[in-house]
Every structure is written in C-alpha cells, then in structure tokens.
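For reference, the structure discussed in these notes is given below.
The values are calculated or read from the model by the stated rules, or taken from the named source; none is laboratory data. Predicted, not measured: the structure shown is a model, and the values here were computed from it. Cβ: placed from backbone, ideal geometry, glycine included. Neighbour counts: every protein chain shown.
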Amino acid sequence: MNGLKGCPKLGVVIVYSRTEEHARAFAERWKIPEWATDMTKVVERPEVDLVVIASPNFLHKEATTPACKSGENVVCTKPPARNSGRRRIFLRL
C-alpha cells in the first residue's frame, strides 16, 4: 500500500484476504471501502481494473488463478524470501 501512495489517480476499491478478520483489519487500516474473502467476487467487479497480489509464495496460485481467468490485469509480487523466517536479500554487484 505504501508503494501505491505515489499513484494519485489510483483508487483501491476492495481488498481480499482468506480470512474475514485479516480482510477487515487491512481495509480499516488503509481506509479501503470494502473487503472480501472470495477472490472470484473481487475480480468480477466492473470497477476492478488491476489486481495486485502481495501474498506469500505458497498462496500465489490460489489468488492468481481466478484473477487471471477473469481477464483482469494482474501484478503478483515476489517476496524476497521463501518464508517469514528468512528475511535476507542477496545482491550481486
């Protein structure tokens, strides 16, 4: 969400999470008007032009499949570690 602040014409209309608790808390924190726990319902909304998936690697398929099948534009972020216990970034200079 911090990265989207620099896009003044962009509006986040809905957030998805697998659990109601997480979806609601994220929406409240970032002042997003709606939240959902069903990705298919999110991507079928006419005002959704882009789906940004920022989840751990093991959840990417669960979220990207319905988003891609809907024909929406999809950005799937790649976290720098395979799990939350490893937070290292290696750069080759």
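Tabulated results
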read-out	value
Unique match (being among the aliphatic types (A, V, I, L, M), out of contact with any strand residue (DSSP E or B) (no Cβ under 6 Å at 6 or more places or on another chain) and closer than 18 Å to MET1 by Cβ) among VAL13, VAL42, VAL51	VAL13
Residues satisfying the stated conditions in segment 25-39, i.e. part of a loop (DSSP other than H, G, I, E, B) and in contact with a helix residue (DSSP H, G or I) (Cβ under 8 Å, 6 or more places away or on another chain)	ILE32, PRO33, THR37
Cβ-Cβ under 8 Å pairs, at least 6 apart or on other chains, segment 25-48 side under 14 Å from ASN73 (Cα atoms), far side acidic (Asp, Glu) and crowded, with 16+ Cβ neighbours inside 10 Å	VAL43/GLU72; VAL48/GLU72
Search result, residues across segment 40-93 that are over 13 Å from the mean Cα position of the chain (by Cα), in a loop (DSSP other than H, G, I, E, B), at pLDDT 80 or above and not acidic (Asp, Glu)	ARG45, PRO46, SER70, GLY71
Conditions (1) free of Cβ contacts under 8 Å to residues at least 24 places away in the same chain; (2) in contact with a His (Cβ under 9 Å, 6 or more places away or on another chain); number of the one not met by ILE53	(1)
Pick from segment 4-24, criterion assigned to a loop (DSSP other than H, G, I, E, B) and under 18 Å from THR77 (Cβ atoms), ranking: farthest from the chain's Cα centre (by Cα)	CYS7
Those residues of segment 32-52 which are among the charged types (D, E, K, R) and within 13 Å of LYS69 (Cα to Cα), in sequence order	LYS41, GLU44
